[in-house]
Amino acid sequence: MDAIRVHRLRKEFQVQQNREGLGGALRDLFDRRYNQVVAVDDISFAIPQGEICGYIGENGAGKSTTIKMLTGILVPTSGEITVNGHVPHKEREQFVREIGVVFGQRSQLWWDIGVIESFRLLRKVYRVPEQAFNERLNELVERLQLGDLLTRPVRKLSLGQRMRCELTAALLHNPKILFLDEPTIGLDILVKSEIRDFLLQINKRYGTTILLTTHDLQDIEALCSRVVMLDDGRIIYDGGLDELKRDWGKGKELLIQFGQPCSPERLRALTADLSVTWEAVNEFTLKAWIPLEQANLTEVLGRVMTLAEIRDLRVLEPNTDDIVKEIYQTGAGKHV
Amino acid sequence: MHYLSLFFDYIKIYMKTKLTYRSDLWIEIVSDLLFQGLNLLFILVVFMHTDLLGDWTRDEMIFIYGYFMVPYGLFTAFFNMWNFTERYIIKGEMDRVLTRPVHNLFQLVLENIDPSSLFGALSGVVIMVYAGTQLGLDWAWYDPLVLVLLVLSSMMVYFGVYVSLIAIGFFTDSQTGILPLVWNLQNYGRYPVDIYNRVIRFSLTWVLPFAFVGVHPASYFLKKGEWQLYAFLTPLMGVAFFLLALWIWNVGVNRYRGAGS
């Protein structure tokens, strides 16, 4: 069964256009002009239960707008959404009981009161039975090491501490689907990887479907088997991370360390017909870029080995960062 | 039932945060009472120059004022959303409210409880009792129940007016100055409407029905013949405005656009 199904979803905003200067402002007072902005442009996708799906795109691509429609905060202009068998904005109160939401930029907790009191209040709001709540809380507190944070008010927490509490708050009622909008924004590497591990574990143990938006492609690589890429309100890629790398990663990078000094010219001559590019890192080490359409790895390595002794060899996987950059630069990509 | 128990849980927590700012709480209570005292003084000063206003005596006016303070105090204690547009729409805190499984307006009310205003309601009761004994009003056994009903109705009138006005924020996405304007108008409800001209009288009864938070329901206890009919209208007006406001609000929420990313 699909946890999330979206069909031709569309959201338009009316944006007021302000004229320039004071005179313009005065004219705006009487005669306003509006611009119709399409934030999400007829997108369709489905996410099966238990999947971790990454939702990526540049700023303003429509990621947050989509998430807000999926969580029932915004009402779509047109199109259909089914999340967990509900239409989010129509049966809001029923629906949100089974989802968890974390917005990285905005706190879900009450600012002034202690963390544990926030949790207790959320227990009442979500009607979680006392015992189930305590078990769940203990597990989360232990896993995310919240022990000594519980009595502090939320406003006194650091960003990393707060994010761990936000995750706990979003999971207390054991939601079937977890929406994360930039959950790792502004966090240090240690906290980031801790949160990634945690999300993976939650997904494995409870089969929680997770949809996350992020700018950090390492999040995607660590977590997601599936990527939906958005540009200008449209989906430009929807598929596995591996296929993304295969289709868009057009070559492999090779780092070779030789036993003796080696000049790039000699190697270039050797592989002239394969259009491999060589670059010297230092006297002994060279970097090769092999376009996979025209050459294969064994061929290149076979030729190089006849030339000199190889001390060390490393194949650099195509980096998601570069791939994404390339997809955006070439514009459309393949429209789905 | 669930909502009722939630209500008490919220109150407990909010009382706790309020009590941590103890001096704030006292200042709020004292300034609130001072403000009400000043209004009362104004009535007394007026009646030093005349015996009757319209055909209302000083003690009747004071009684009306006492009644006025009760729904007013209760309403402001449980409804404190004057910065709603700023905080929830412009800053986007509504996002959080909308992802919780409790009706959003109920959550908002709970999040903005300000129990210090309850003191105002309490002093209103004291003033009513004082003015009532001065007037020699006799209370039937059911009158306290009628009082509860009328106070609840008046609160619904307040709710209806202010929720409708606050819901405007969903449509404009920015602050409007209309709230403080109406807030000032409500004070006219605590004087007998027949001292005003006809347009104002009509508006205070049917358009912005602030007469139903003061003079109309209070006149039930004063046994003022022709005005009693209006007293009985109070619950109807309350329910009508309450439902209207809920409807406007629910339409408004569907137009909520969120803030920023």
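Structure notes:
- Contacts under 8 angstrom Cβ, first residue in region A:11-27 being closer than 30 Å to A:Leu74 by Cα, partner among the charged types (D, E, K, R) and outside any strand (DSSP E or B), 6 or more apart: A:Phe13/B:Arg257; A:Gln16/A:Asp28; A:Gln16/A:Arg32; A:Gln17/A:Arg32; A:Asn18/A:Asp28; A:Arg19/A:Arg27; A:Arg19/A:Asp28; A:Ala25/A:Arg19
- Summed over region A:262-303, residues that are touching a residue at least 12 places away in the same chain (Cβ under 8 Å) and touching a strand residue (DSSP E or B) at 6+ places or on another chain (Cβ under 7 Å) total 21.
- Residues that are part of a loop (DSSP other than H, G, I, E, B) and modelled with pLDDT of 90 or more, drawn from region A:159-194: A:Leu172, A:His173, A:Asn174, A:Pro175, A:Lys176
- Wholly enclosed helices (runs of 4 or more DSSP H) of region B:154-261 bearing at least 2 residues away from chain A (no Cβ under 14 Å), in contact (Cβ under 8 Å) with a residue 12 or more places away in the chain and of a type outside the set (Lys, Arg): B:178-185, B:215-222, B:228-253
- Residue count for region B:127-153, restricted to those that are part of a loop (DSSP other than H, G, I, E, B) and either at negative phi or in contact (Cβ under 8 Å) with a residue 12 or more places away in the chain (or both): 6
- When region B:81-92 is limited to residues that are in contact with a helix residue (DSSP H, G or I) (Cβ under 8 Å, 6 or more places away or on another chain) and surrounded by fewer than 20 Cβ atoms within 10 Å (Cβ to Cβ), the one that is farthest from the other protein chains (Cβ to nearest Cβ) turns out to be B:Trp82.
- Single unsatisfied condition, A:Ile56 versus (1) within 22 Å of the chain's Cα centre (by Cα); (2) in contact (Cβ under 8 Å) with a residue 40 or more places away in the chain; (3) under 30 Å from B:Ile13 (Cβ atoms): (3)
- Sub-6 Å Cβ pairs linking a first residue in region B:51-72 that is in contact (Cβ under 8 Å) with a residue 12 or more places away in the chain to a second residue that is of a type in the set (Phe, Trp, Tyr), at least 6 apart or interchain, are B:Arg58/B:Phe47, ordered by first then second residue.
- Among the residues making up region A:107-126, a single one is surrounded by fewer than 19 Cβ atoms within 10 Å (Cβ to Cβ), within 7 Å of chain B (Cβ to nearest Cβ) and part of a loop (DSSP other than H, G, I, E, B): A:Asp112.
- Matching option when the condition is charged (D, E, K, R) and at pLDDT below 90, among A:Asp42, A:Asp31: A:Asp31
- Qualifying position, being in a helix (DSSP H, G or I) and at pLDDT 85 or above, among B:Leu6, B:Leu25, B:Leu19: B:Leu6
- Count - residues of region B:94-147 that are within 14 Å of chain A (Cβ to nearest Cβ), surrounded by fewer than 18 Cβ atoms within 10 Å (Cβ to Cβ) and of a type in the set (Val, Ile, Thr): 0
- Filter result (buried (at least 17 other Cβ atoms within 10 Å of the Cβ) and of a type in the set (S, T, N, Q)) within region A:185-212: A:Asn203, A:Thr208, A:Thr209
- When A:Arg97, A:Arg106 are checked against the criterion of being touching a residue at least 12 places away in the same chain (Cβ under 8 Å) and basic (Lys, Arg), A:Arg97 stands alone in meeting it.
- Verdict on B:Phe221 being over 13 Å from the mean Cα position of the chain (by Cα), surrounded by fewer than 16 Cβ atoms within 10 Å (Cβ to Cβ) and not aliphatic (A, V, I, L, M): no
- Pick from region B:1-30, criterion within 9 Å of chain A (Cβ to nearest Cβ) and aliphatic (A, V, I, L, M), ranking: surrounded by the fewest Cβ atoms within 10 Å (Cβ to Cβ): B:Leu6
For (1) in contact with a Phe, Trp or Tyr (Cβ under 8 Å, 6 or more places away or on another chain); (2) closer than 30 Å to B:Tyr3 by Cβ; (3) not aromatic (Phe, Trp, Tyr), each residue gets a yes or a no:
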{"site": "A:Gly54", "(1), (2), (3)": "no, no, yes"}
{"site": "A:Gly62", "(1), (2), (3)": "no, no, yes"}
{"site": "A:Lys68", "(1), (2), (3)": "no, yes, yes"}
{"site": "A:Val102", "(1), (2), (3)": "yes, yes, yes"}
{"site": "A:Arg106", "(1), (2), (3)": "no, yes, yes"}
{"site": "A:Ile113", "(1), (2), (3)": "no, yes, yes"}
{"site": "A:Arg120", "(1), (2), (3)": "no, yes, yes"}
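- Filter pass, A:Ile73 being aliphatic (A, V, I, L, M), out of contact with any strand residue (DSSP E or B) (no Cβ under 8 Å at 6 or more places or on another chain) and in the same structural domain as A:Gly233 (by TED's automatic domain parsing): yes
- Helices (runs of 4 or more DSSP H) contained entirely in region A:1-98, each with at least 1 residues that are within 14 Å of chain B (Cβ to nearest Cβ) and among the aliphatic types (A, V, I, L, M): A:21-30, A:63-70
The values are calculated or read from the model by the stated rules, or taken from the named source; none is laboratory data. Worth saying up front: this structure is predicted, and the values here are computed from it rather than measured. A quick note on method: Cβ atoms are made from the backbone with ideal geometry, for glycine too, and the neighbour counts reach across all protein chains shown.
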